[in-house]
Amino acid sequence: MRIVIAPDKFAGTLTAVEAAQAIADGWHTVAPDADTRLLPLSDGGPGFVEVLHTALGGTVADLEVTGPLGAPVPARYLIAGTTAYIESAHACGLHLVPAESRDPARTTTRGVGELIAAAVAAGADTVVVGLGGSSTNDGGAGMLAALGASPAGALGSGGGALAALEGPIDLAAARAAVAGVRLVAATDVDNPLLGVNGASAVFGPQKGADPDAVQRLDAALTAFADATDPGGLREAPGAGAAGGLGYGLLLLGGTVESGVARVLEAVGLAADVATADLVITGEGSFDGQSLRGKLPHGVARAAADQGVPCVVTAGVVAVGRKEAAAAGITETYALVESAGSAEAALSRPAEELTRLAAAVARRWGGARPRTPGGHPPHGA
């Protein structure tokens, strides 16, 4: 039996690489001779660079950039050919801000601009910026400031400072810094910049904004958009991604592309699925958002195109059977249920995911127990 194992990260507990390995380990405890192909994935958020480096090779460059609260943080980007891949969460990720300090009025995307500048200086003619997992709500203003936009101080001081902007905003130097470079915002979020479906209202609460703060942030982004957008970029799908970082990239002439589609193409998922008997995907929380173009949905569609069953393993499953089936998903399995509690699942995620994967292997049949001392082959 050939199984393609293609999960996203389990946010806060396992990287996509760790999740894929845990699933493979569980499967091999039951079916040691199964042919497993591990394809850890990302939709543009945390894990984007690691996943693409595994798939594409290339060179990873390490550097220090300005973090979301202004202090230096380690970051990296991937160069594969003449294309650079940047994970915005390396510079402005929510994981970089302690829970008690989370305030999207203060956090900045300045470090993302520094990563872009470094990639362009290294010779990249295309820069793909994976969006997701951010702590910011500044519309990409900090990124623009790092690339030369002015007034740099006001633009680089967080989303809240945008409400006090006075005078014109000059983007000429920032646009010159990326002249001749193709910029791509890789995201599967289709939110506009402003309003009830915008960056502040939808994602602000996840980053520490209460209802009053959401209103202030949306007003600040409105002021920023009024000063920078004579056209309709603020309404573009994806402009609200990563606290409006998508909007900032659009101001520089960038385009929005599906992060899932780019990653699935890079790892060659379609070719592997074509020869598989089963596909396993997963993420931390499989919910209604998962069916709106997120990674498990993309994997399920690829499996359905080949007539291959696809199952989801997730920390939590909040999607009904009919909804899942309509998306091409054969069965779903929740880690919280198999572990007995959320506490158990969170305290030992790899072990519990391995145990759940073994149960999935037994459910799908054709397996035999691992022989004592045996070492099953692992795909890579």
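The values are calculated or read from the model by the stated rules, or taken from the named source; none is laboratory data. Predicted model only: the values in this text are computed from it and were never measured. Here Cβ is always computed from backbone atoms with ideal geometry, including for glycine, and neighbour counts include all displayed protein chains. Heavy atoms of the whole protein, side chains included, go into the accessibility calculation; ligands, DNA and RNA do not. Shrake-Rupley method; radii C 1.70, N 1.55, O 1.52, S 1.80 Å.
Figure note: His53, His95, His297 ranked by solvent-accessible area, largest first, 1.4 Å probe, ligands and nucleic acids not counted: His95, His53, His297. 3J(HN,Hα) along region 158-169, derived from phi through the Karplus expression 6.51 cos²θ - 1.76 cosθ + 1.60 where θ = phi - 60°, amounts to x, x, x, 5, 5, 5, 9, 4, 10, x, x, 9 Hz, with x in place of Gly and Pro. For the chain, the longest principal axis of the alpha carbon atoms and the long axis of helix 295-305 meet at an angle near 50°. Its Kirkwood hydrodynamic radius, worked out from the mean inverse distance over all distinct Cα pairs, puts region 48-259 at 16.3 Å.
Just how large is the dipole of the chain about the Cα centre, in debye to the nearest 20, putting +1 at every Lys and Arg Cβ and -1 at every Asp and Glu Cβ? Charge dipole, the chain, about its Cα centre: 620 debye, nearest 20. For a paramagnetic label modelled on Ala219 (point 7 Å from Cα along Cα→Cβ), amide N atoms under 20 Å away belong, within region 233-249, to 244.
Projecting the Cα atoms of Val317, Ile79, Leu144 onto the charge dipole of the chain, computed from C-beta unit charges around the Cα centre, puts Val317 farthest toward the positive end. From helices alone, the chain scores -11000 deg cm²/dmol at 222 nm; the rule is -39500 (n - 2.57) for each run of n ≥ 4 DSSP H residues, then divide by the residue total.
Average accessible surface for region 48-259: 36 Å² per residue, computed with a 1.4 Å probe over protein heavy atoms with every protein chain in place.
For the chain, what does the relative contact order come out to in percent, with C-alpha contacts under 8 Å and a separation of six or more? This gives 21 percent for the chain. Length gained on full extension, Ala121 to Thr255, computed as 0.36 nm times the residue gap minus the Cα-Cα distance: 46.2 nm. What does the C-alpha gyration tensor say about the overall shape of region 155-247? Classify as rounded when a/c is under 1.5, otherwise prolate if a/b is larger than b/c, or oblate. Cα axes put region 155-247 in the oblate bin. What is the angle, in °, between the Cα long axis of helix 241-251 and the longest principal axis of the Cα atoms in the chain? Nearest 10 is fine, range 0 to 90. With both axes taken from Cα atoms, the answer is about 50 degrees. When Rg and the Kirkwood Rh are both derived from Cα coordinates, the Rg/Rh ratio for region 38-88 amounts to 1.01. Fully extending the segment from Asp33 to Thr82, taken as 0.36 nm per residue of separation minus the present Cα-Cα distance, adds 13.6 nm. Accessible surface of the chain, 1.4 Å probe: 53 percent of it comes from carbon and sulfur atoms. Between Gly246, Gly288, Gly238, the GNM of the chain built on Cα springs shorter than 10 angstrom shows Gly288 fluctuating the most. Full extension of the segment from Arg175 to Asp226, taken as 0.36 nm per residue of separation minus the current Cα-Cα distance, would add 16.5 nm. In this simple spin-label model, placing a label point 7 Å from the Cα along the Cα-to-Cβ direction at both Val202 and Thr59 gives a separation of 3.8 nm. Ordering 278-287, 132-141, 265-274 by mean Cβ neighbour count within 10 Å, with the highest value first, yields 132-141, 278-287, 265-274. For the peptides 114-122, 8-16, residues were scored by their other Cβ atoms within 10 Å and the scores averaged per peptide; the highest-first order is 8-16, 114-122. Packing here is the average count of other Cβ atoms within 10 Å per residue, and on that basis the peptides 205-211, 22-28, 299-305, highest first, run 22-28, 299-305, 205-211.
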